[in-house]
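The structure appears right after this line, and notes come after that.
The values are calculated or read from the model by the stated rules, or taken from the named source; none is laboratory data. Since we're looking at a predicted model, the values are computed, not measured. Positions of Cβ are generated from backbone atoms using ideal geometry, with glycine treated the same way; all protein chains shown enter the neighbour counts.
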Amino acid sequence: MPTRMPLPLLNAKEATFECTFGRGCEGLCCRNGRPGLFDDERRRILKNLRRILPLLRPAARRLVEKNGVVTRRKREGLPLVPVVDGWCVFFNEGCVLHKLGAEEGDKFRYKPVQCSLFPLLPDGEGNWYVRQHGYKDEPWDLFCLSPTNSNVPAVESLKEEMALAATLSRYNKRDSR
C-alpha cells in the first residue's frame, strides 16, 4: 500500500530537490533572504534574543540591537527580517535560528515558517507546490531550484517540511482571503 503524502503537491511527480547546504551551497537562500515574521514567531525570537544575539555576525548583532528583528517593510502583510551585508541577519555560517532549535531537538522551533518550508509554497488557491525553475513562473534563480540539480524526488527530501506545512492553518487562512 503506498504511503500517503502528508501534503499533496501539484508537481509531486516531477519535482526534485535536495538541500546541499554545506555540500556545495553556502546558504544562497539566505542571501538577501527577507522572510516575513508572524507575530508569534517574532515573540518567540524576542523571548530568546539574549541567546540568539551572541550567535549573530557582529554587524547583524549591532543592527538587531539597534533596530530590532523586523523592518518597516512588509510583504503579504508581514514585517520582514532585516538584511545586513547582503545576508539575513540570522545567517552566520548557516541559520542561527535553525542551529539553536536543532540543539534543543526541533530545528523548526525558532525559524520563520517561510524559511522552514522552503522550497514549498502555497499557490493562493489552497494548493502547494515545490518551487522549480520554469514552474509557476518561479522568479528565484537558485541552482537548487533547477530540476536538473538533483535526482532526489522532492517528496522524499522534503518529508519533514511537507508534514510541517500540512499542520499549518495560517497559510490556508491567508490564501483564502
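Taken over region 16-35, residues that are closer than 16 Å to D85 by Cα and out of contact with any Cys (no Cβ under 9 Å at 6 or more places or on another chain) amount to 1. Can we say R170 is farther than 16 Å from L49 by Cβ and modelled with pLDDT of 95 or more? Against the criterion (farther than 16 Å from L49 by Cβ and modelled with pLDDT of 95 or more), R170 does not qualify. Tallying residues that are in a loop (DSSP other than H, G, I, E, B) and over 22 Å from C88 (Cα atoms) within region 133-161 yields 13. Looking only at residues of region 101-157 that are charged (D, E, K, R) and buried (at least 20 other Cβ atoms within 10 Å of the Cβ), we find that the one that is nearest to L46 (Cα to Cα) is K111. In the set (1) aliphatic (A, V, I, L, M); (2) within 21 Å of L78 (Cα to Cα); (3) more than 15 Å from the chain's Cα centre (by Cα), A154 fails one condition alone, (2).
Working only within region 10-35, note down all residues that are surrounded by fewer than 19 Cβ atoms within 10 Å (Cβ to Cβ), under 20 Å from R131 (Cα atoms) and among the small types (G, A, S). Scanning region 10-35 gives A12, G24, G27. With respect to being surrounded by fewer than 12 Cβ atoms within 10 Å (Cβ to Cβ), out of contact with any Leu (no Cβ under 6 Å at 6 or more places or on another chain) and at positive phi, E76 fits the description. With a requirement of 3 or more residues that are under 30 Å from N11 (Cα atoms) and more than 15 Å from the chain's Cα centre (by Cα), none of the helices (runs of 4 or more DSSP H) lying completely within region 28-131 satisfies it.
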